[in-house]
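Engineer: Quick one: the structure is below, questions incoming.
We did not get these values from a lab; they are worked out from the coordinates using the rules stated. Predicted model, so just to flag it, every value in this text is computed and none were measured. Neighbour counts are summed over all protein chains in view; Cβ atoms, including those assigned to glycine, are modelled from backbone coordinates with ideal geometry.
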Amino acid sequence: MIKVSGLTKDYGSRRAIDNLTFNAQQGEIVGFLGPNGAGKTTTMRILTGYMPPTDGEAIVAGYDIVEESLEARKRIGYLPESVPLYQDMVVWDYLQYMGELRRIPNAGERVEEVLEMVGLIDRAEGYIGNLSKGMKQRVGLAQALLHHPEVLILDEPTIGLDPSQVVEVRELIREIGKERTVLLSTHLLNEAQNLCDRVLIINKGKIVAEDTTENLQSSLLGAERALVRVGGENDGLVETIKSVKGVRKVKVNDDGAVEFEFASGKDLRAEVAKAVVTNNYELIEFRSLGMSLEEIFLELTHGEGKR
């Protein structure tokens, strides 16, 4: 698990992260989101023992990352955004070397296991310098998994991978996340929405939101949204929907579908559907809409960010 309390880091007069407090439990995948320069990488570097904080406390796998750094780092698997690899080493030899550095018993057997896990067993005898960026990313993920870490910290884990590789790595992270604590940063909002149990959104060094995407949708929007699509012409459909008491913010999308909003706790969908059919429109689609993670992200990082 990860337990962070009041974590702060200053670079001279500039404060990179400011009083961060959050937890990540065993068996949980937590997404760490924010614009460039928000403080994500600084936080991850502190959590992995790469640099000390200016103030605050971070407990990783039960150990203080400053006072008990070596014990904490033994239990952390870290994949930085730019993976530091020995380009002139063979993949197997590199992982064998990393296993020996970590004093892993029967390192060769474990190397074979992780190569199978990340889909690199057929590249085991190839030189790292000859691999594609995506393949190098897999080597980096393999070394992060090598020592059976309790906590996995991944900085942009799918960057540089092709679509099929992205799917494979996401499935691997899901499987890992069933037993371990996983904290990952990503710029791919759909990745966080589909992969993470919770998301932390950081902006200007502060956490501006922490919750499941579903709860963030509900709290930020403060309303329900729905979409109506009819066959044929939709002239007058906006006015028909607006005529239902309590409906607000009706708009027509580029594809002709109509979206509308109503206050949470007062479900007007049945009344709207009845009004549409009564006015002789051919109702072909009616569904609820959520607030996308992209909309949440933009709201919190480009808006006031006070929630």
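Engineer: Count the net charge of all other residues whose Cβ sits under 12 Å from the Cβ of residue 229, scoring Lys and Arg as +1 and Asp and Glu as -1.
Structural biologist: -3
Engineer: Next question, about the same structure. Could you pull out the GluC sites (Glu not before Pro) across the range 50-96 that fall in loop regions by DSSP (anything but H, G, I, E, B) with no more than 13 other Cβ atoms inside 10 Å?
Structural biologist: When the GluC sites (Glu not before Pro) of the range 50-96 are filtered for loop state and at most 13 Cβ neighbours within 10 Å, 67 remain.
Engineer: Within a Cβ distance under 11 Å of residue 117, other residues only, what is the Lys/Arg minus Asp/Glu net charge?
Structural biologist: Spelling it out: positives minus negatives among the neighbours equals -4.
Engineer: Ok, one more. Report the local net charge at residue 34: Lys and Arg +1, Asp and Glu -1, summed over other residues whose C-beta lies under 10 Å from its C-beta.
Structural biologist: +3
Engineer: Next up: Only one of the values (i) 21.7, 70; (ii) 19.8, 65; (iii) 24.1, 75 was calculated from this structure for Rg and Dmax of the Cα atoms in Å; name its label.
Structural biologist: The value matching this structure is (iii).
Engineer: Can you give the calculated 222 nm mean residue ellipticity of the chain, where each DSSP H run of n ≥ 4 adds -39,500 (n - 2.57) and the sum is split over every residue, rounded to the nearest 500 deg cm²/dmol?
Structural biologist: Rounded to the nearest 500, it is -10000 deg cm²/dmol.
Engineer: Further question: Please work out how much length the chain gains when fully extended from residue 15 to residue 204, using 0.36 nm per residue of separation minus the C-alpha to C-alpha distance, in nm with one decimal.
Structural biologist: This chain segment gains 67.2 nm when fully extended.
Engineer: If you don't mind, there's one more thing I want to ask. Which residue fluctuates the most in the chain, going by a Gaussian network model with Cα springs under 10 Å, if the choices are 113, 168, 271?
Structural biologist: Among 113, 168, 271, the largest GNM mean-square fluctuation belongs to 271.
Engineer: Say a paramagnetic label sat at a point 7 Å from the Cα of residue 270, along Cα to Cβ; which residues of the range 230-252 have their backbone N under 18 Å from it?
Structural biologist: 244-247
Engineer: Using the structure shown, list the pairs from 206/249; 74/178; 3/178; 74/204 with a Cα-Cα distance above 29 Å, or answer none.
Structural biologist: 206/249; 74/204, as the Cα separations exceed 29 Å there.
Engineer: Of 185, 82, 13, which has the largest mean-square fluctuation in a 10 Å C-alpha GNM of the chain?
Structural biologist: The residue that fluctuates most here is 13.
Engineer: Under the definition of Cα pairs under 8 Å and six or more residues apart, what whole-number percent is the relative contact order of the range 1-73?
Structural biologist: Result for the range 1-73 is 36 percent.
Engineer: Then there is this: Rounded, prolate or oblate: pick one for the range 222-296, where a ≥ b ≥ c are the square roots of the eigenvalues of its C-alpha gyration tensor, a/c under 1.5 means rounded, and failing that, prolate if a/b is larger than b/c, else oblate.
Structural biologist: Because a/c hits 1.5 or more and a/b fails to exceed b/c, the range 222-296 counts as oblate.
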